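FYI, it's all coordinate maths here, none of it is from the lab. Given the structure is predicted, the values throughout are model-derived calculations rather than measurements. Cβ coordinates were reconstructed from backbone atoms using ideal geometry, including for glycine residues, and neighbour counts include every protein chain displayed.
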């Protein structure tokens with residue numbers, strides 16, 4: 001239901017918001033929008049996926065002592081001979 | 001006792017049905033019945049909470065319905081579903097009260113819709129059968145569709161309602177296929193039987209993807225967020241409150257009950273994918289929130305950002321992460337409705353607009369409102385002493401255990417949420433009073449009581465989270481380690 005209050009509408013504000021609301025209807029692929037689409041849909045999510053799959057369960061901070069590796073699987077101890 | 005929670009709203013709607021909508025006295029009678037019904041339900045859920053045994057992770061208050069040969073189902077609650085049921089019964093009277101005085105046509109069907117919605121929402125959280133979970137998960141769609149189309153505002157409300165309906169339905173079809181596959185393999189869709197059965201990793205992966213698609217639409221996660229801000233913006237205030245307060249929690253509950261519980265190996269396998277989607281959702285929705293011009297759309301987009309932090313916590317595979325996710329989803333269920341009441345109720349009722357450019361300097365004539373709006377804005381940002389802070393921190397601590405860099409990226413959401421929250425608050429509260437508006441009265445006693453009712457649990461539980469954590473610790477531990 002519409003609000004019952006009073007607002008003095010500004011035609012410029014209405015036009016601006018109508019433009020923002022309907023911007024998607026005028027979308028077309030140009031070199032700029034193509035690059036933005038590629039970056040937003042593929043590049044950035046791809047980078048995050050690469051980061052998350054690389055770093056997943058790799059580190060563990062719990063109960064670590066001084067000079068102890070943060071790696072979840074500790075490297076084997078060096079032999080003493 | 002749980003059956004009372006399901007039946008009482010239906011009884012309330014049957015009591016309202018024969019009343020004619022031909023006088024103010026009858027309208028008040030209908031509203032009183034609806035409100036009383038929802039408050040009785042709240043009281044029963046509080047009694048359930050008091051009687052709940054926190055020393056076990058088993059389902060409690062189990063009720064078996066087998067009186068009809070063709071219809072047989074079990075309902076029960078554990079520590080996880082208890083708080084979602086409490087949230088539903090708490091938010092429903094708030095939703096009814098928020099539109100108590102500003103629905104003028106078809107009040108009867110408005111109130112009946114919300115009472116039926118209450119039953120359907122509670123059913124989602126209490127059924128112990130996967131197929132029934134799917135049925136009630138979907139059953140809220142037609143009711144909400146009607147609420148948005150008939151009682152919503154805006155020229156595009158039909159489009160918004162259709163988007164909401166079709167997005168969720170399309171995603172849920174895959175969930176139905178997955179449920180049928182589980183039934184053909186396990187022989188039952190009972191939760192306890194499914195959790196005891198062994199599903200191969202290969203099957204788990206495919207089932208996981210099917211369920212995840214349905215829940216990702218409901219959460220919503222990128223790139224399936226297109227329906228939420230439209231549904232919120234064009235919905236009536238009570239509809240927005242229910243959408244933000246409880247409907248989005250269906251997905252959270254689904255992730256915990258279905259994906260983590262029944263498909264744990266696949267949940268672990270797809271962890272990086274979920275982290276990616278959650279981080280991308282968080283950053284993209286937060287950036288989209290900053291540029292919004294409609295206050296309701298801004299709050300709706302901020303909901304998306306918060307839910308993505310909840311997802312990070314759920315899939316962190318740690319107790320603190322999952323407990324944080326539950327706390328954050330509950331906190332979001334209090335704060336988001338409060339913000340919708342502020343922008344979609346208080347401001348919209350007085351000014352008739354939600355466009356930020358028209359609204360400025362509200363502190364001049366509405367100082368009490370700006371104080372409350374400020375507190376809820378801070379809670380939305382996740383300030384200490386609020387439940388949002390605890391939920392967010394525990395979720396990020398949980399995902400830190402799995403992947404510190406993802407946790408660090410998730411923490412950027414805190415900064416971005418501060419950006420859009422402070423922008424919205426500052427922009428509409430301070431500065432020279434807008435020449436587009438005339439002076440308005442400050443918030444009424446009813447609006448004040450509604451907001452305080454939402455503020456108290458946010459702050460009290462933010463200081464004393466163990467009230468919730470004691471009950472959910474055992475079921476969450478069982479979820480992870482059993």
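Largest first and in whole Å, what are the equivalent-ellipsoid semi-axes of segment B:1-139 based on the Cα gyration tensor, each being the root of 5 times an eigenvalue?
29, 17, 12
Just to confirm my numbers, what's the Cα centroid distance between segment B:213-289 and segment B:8-43 in Å?
Here the answer is 33 Å between Cα centres.
Going by a ≥ b ≥ c, the root eigenvalues of the Cα gyration tensor, does segment B:213-269 fall in the rounded group (a/c under 1.5), the prolate group (a/b larger than b/c) or the oblate group?
Oblate, because a/c is 1.5 or more while a/b does not exceed b/c.
What average count of beta carbons from other chains do you get within 10 Å of the Cβ of residues in A:44-50?
5
Enter the mean number of other protein chain beta carbons within 10 Å of the beta carbon of each residue in A:9-21, as an integer. Spell out each step's value before the answer.
Details: counts 5, 5, 0, 1, 7, 3, 0, 3, 6, 0, 0, 4, 4.
Per residue, the number of nearby Cβ atoms from other chains is 3 on average.
Pull out a ≥ b ≥ c, the square roots of the eigenvalues of the alpha-carbon gyration tensor of segment B:73-136, then state rounded if a/c is under 1.5, prolate if not and a/b is larger than b/c, and oblate in the remaining case. List each step's numbers first, then the result.
Details: a/c = 4.48, a/b = 1.94, b/c = 2.30.
Oblate, because a/c is 1.5 or more while a/b does not exceed b/c.
At q = 0.21, 0.23, 0.24, 0.33 Å⁻¹, what log₁₀ I(q)/I(0) does a Debye calculation on the Cα points of segment A:2-47 give, no solvent, two decimals?
Evaluating at q = 0.21, 0.23, 0.24, 0.33 Å⁻¹ gives log10 I(q)/I(0) of -0.81, -0.88, -0.91, -1.03.
What's the ranking of B:95-105, B:16-26, B:250-260 by average number of surrounding C-beta atoms within 10 Å, highest first?
B:250-260, B:95-105, B:16-26
Measuring from label point to label point, each 7 Å out along Cα→Cβ, what is the residue B:102 to residue A:61 span in nm?
4.4 nm
Of the peptides B:111-124, B:349-362, how do they stack up when ordered by the mean number of other Cβ atoms within 10 Å, highest first? Intermediate values should be presented prior to the final figure.
On the way: B:111-124: 24.4, B:349-362: 21.0.
Peptide ranking by packing, descending: B:111-124, B:349-362.
Just how far, in whole angstrom, is segment A:25-39 from segment B:394-408 if you go by their alpha carbon centroids?
After rounding, the separation between the Cα centres reads 34 Å.
Using a 10 Å cut-off on Cβ to Cβ distances, tally the other chain neighbours for every residue of B:269-277 and report the average as a whole number.
4
Work out the FRET efficiency for residue B:29 and residue B:52 from their Cβ-Cβ distance, taking R0 = 35 Å, and round it to the nearest 0.05.
Computed FRET efficiency for residue B:29 and residue B:52 comes out at 0.50.
Please report the projected area of segment B:154-269's Cα convex hull averaged over all directions, in nm². Please list the in-between numbers first.
Working: hull surface 29.9 nm².
Computing the convex hull of the Cα atoms and averaging its projections yields 7.5 nm².
Once all Cα-Cα distances of chain B are split into 20 Å bins that start at 0, what whole-number percent is in each one?
Computed distribution, short to long bins: 25, 60, 15, 0.
Normalised by the residues of segment B:154-269, what does the relative contact order come to in percent, with Cα pairs under 8 Å and at least six apart? Intermediate values should be presented prior to the final figure.
Working: 99 pairs, mean separation 41.8, N = 116.
Worked out over segment B:154-269, it gives 36 percent.
Summing -39500 (n - 2.57) over the DSSP H runs of n ≥ 4 in chain B and dividing by its residue number, what mean residue ellipticity at 222 nm do you reach, to the nearest 500 deg cm²/dmol?
Per the formula, -23500 deg cm²/dmol.
Could you work out how far apart the two model spin labels at residue B:445 and residue B:203 are, taking each label as a point 7 Å from the Cα in the direction of the beta carbon, and quote it in nm?
About 6.2 nm, to one decimal.
With all pairs of different alpha carbon atoms counted, what Kirkwood hydrodynamic radius in Å does segment B:287-482 show?
After inverting the mean inverse Cα-Cα distance, the result is 17.3 Å.
With 10 angstrom as the radius, rank A:19, B:30 by how many other C-beta atoms surround their C-beta, starting from the fewest.
Going from sparsest to densest Cβ surroundings: A:19, B:30.
Rounded, prolate or oblate: which fits the protein assembly as shown when a ≥ b ≥ c are the square roots of the eigenvalues of the alpha-carbon gyration tensor, with rounded for a/c under 1.5 and prolate only if a/b beats b/c?
oblate
Normalised by the residues of chain B, what does the relative contact order come to in percent, with Cα pairs under 8 Å and at least six apart?
So the answer I get is 15 percent.
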